[in-house]
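> Encoded as structure tokens, here's the structure I'll be asking about.
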Amino acid sequence: MSKKGRPKLDVVKERIVTIRMSEAEYHTLKEYSEKHQQTITETIKTGVDLLYQTCQ
């Protein structure tokens, strides 16, 4: 019988990063994410990637 559950990823994501935001910042982030049909995590990762691109 085969194992059930999610398949293993090639890149294990084991690091968790948290930030504190004001209610207004969170509201803006949530609206942006919904407008672009992304999760909040995807939106933040995209923003970090853009930061890396502009700093090189």
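> Out of all the residues in the range 32-44, which are assigned to a helix (DSSP H, G or I) and either open to solvent by less than 100 Å² (accessible area, probe 1.4 Å) or at positive phi (or both)?
Residues satisfying the conditions are SER33, ILE40, THR41, GLU42, THR43, ILE44.
> Specify which of the listed residues (THR39, THR43) is touching a Phe, Trp or Tyr at 6+ places or on another chain (Cβ under 8 Å) and at pLDDT 95 or above.
After ruling out the rest, the residue left standing is THR43.
The values are calculated or read from the model by the stated rules, or taken from the named source; none is laboratory data. As the structure is a prediction and not an experimental result, all values here were calculated from the model. A quick note on method: Cβ atoms are made from the backbone with ideal geometry, for glycine too, and the neighbour counts reach across all protein chains shown. Only protein heavy atoms, including side chains, enter the accessible area calculation; ligands, DNA and RNA are left aside. Shrake-Rupley method; radii C 1.70, N 1.55, O 1.52, S 1.80 Å.
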